[in-house]
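K.L.:
Starting off with a structure, shown below.
What follows is calculated from the coordinates using simple rules that are stated; it is not laboratory data. Computed from a prediction, not measured in an experiment: that's the story for all the values here. Cβ coordinates were reconstructed from backbone atoms using ideal geometry, including for glycine residues, and neighbour counts include every protein chain displayed.
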Amino acid sequence: MSPLKVTTRDAASGPVLQIAGDLDHETAPELRQALDGLTLAAGQLLVLDLADLEFCDSSGISALLTARNLAGEQGGDIALAAVPANTARILGIVGLDRVFAIHPDVSTATARSSAAR
């Protein structure tokens, strides 16, 4: 089991949260806590960078949905970037690949958002 590490940085399109390690029942509250301190301006994009995500269970998927709800409540949007194959498979099985915008990497996600403005 790898500890969860959430790092926040700003991009022109809005905040980027880099999520590394295991996102599971024990660590999902850490992501939710990081989201609690996050503020999006209307129209901003919250990007979750999952390139270093090693494991994600149903509690982790629930935390991703919490992030989506937060973005929506604040008038923003959300995108997932660099989703690992095992997590992408789960998202596809439960239909969340149609709920989240999924990009191959952070630069693609933030560039598309900036171009849309």
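K.L.:
With r defined as the distance between the Cβ atoms of Ala12 and Arg98 and R0 fixed at 25 Å, what FRET efficiency is calculated, to the nearest 0.05?
P.N.:
Working: r = 27 Å, r/R0 = 1.07.
After rounding, the FRET efficiency stands at 0.40.
K.L.:
On to the next question. Rounded to the nearest 500 deg cm²/dmol, what is the calculated helix-only ellipticity per residue at 222 nm for the chain, with -39500 (n - 2.57) per DSSP H run of length n ≥ 4? Present the calculation step by step, with values, prior to reporting the outcome.
P.N.:
Values: 4 runs with 45 residues, N = 117.
Calculated at 222 nm, the ellipticity per residue is -11500 deg cm²/dmol.
K.L.:
According to the square roots a ≥ b ≥ c of the eigenvalues of the Cα gyration tensor, what is the shape class of segment 33-117, taking rounded for a/c under 1.5, prolate for a/b larger than b/c otherwise, and oblate for the remainder? Don't skip to the answer; put the middle values down first.
P.N.:
On the way: a/c = 1.76, a/b = 1.29, b/c = 1.37.
Since a/c reaches 1.5 but b/c is at least a/b, the shape of segment 33-117 is classed as oblate.
K.L.:
Sorted by average packing, counted as other Cβ atoms within 10 angstrom per residue and highest first, what order do 31-38, 49-56 take? Could you put the intermediate results ahead of the total?
P.N.:
Details: 31-38: 14.5, 49-56: 19.2.
Taking the mean over residues of other Cβ atoms within 10 Å, the ranking is 49-56, 31-38.
K.L.:
How much of the DSSP bridge set in segment 5-116 is antiparallel, in percent, rounded to the nearest 5?
P.N.:
30 percent
K.L.:
If each residue of separation counts as 0.36 nm, what is the full-extension length gain between Ser58 and Lys5 once their alpha-carbon separation is subtracted?
P.N.:
On the way: separation 53, 0.36 × 53 = 19.08 nm, distance 1.82 nm.
Between Ser58 and Lys5, full extension yields an extra 17.3 nm.
K.L.:
Now, a different point. With an 8 Å Cα cut-off and a minimum separation of 6 or more residues, compute the relative contact order for the chain in percent.
P.N.:
Rounded, it is 26 percent for the chain.
K.L.:
Within 15 Å, Cβ to Cβ, of Ala67, how many net charges do the neighbouring residues add up to if Lys/Arg are +1 and Asp/Glu are -1?
P.N.:
Values: positive: Arg32, Arg68; negative: Glu30, Asp36, Asp49, Glu73, Asp77.
Value of the local net charge: -3.
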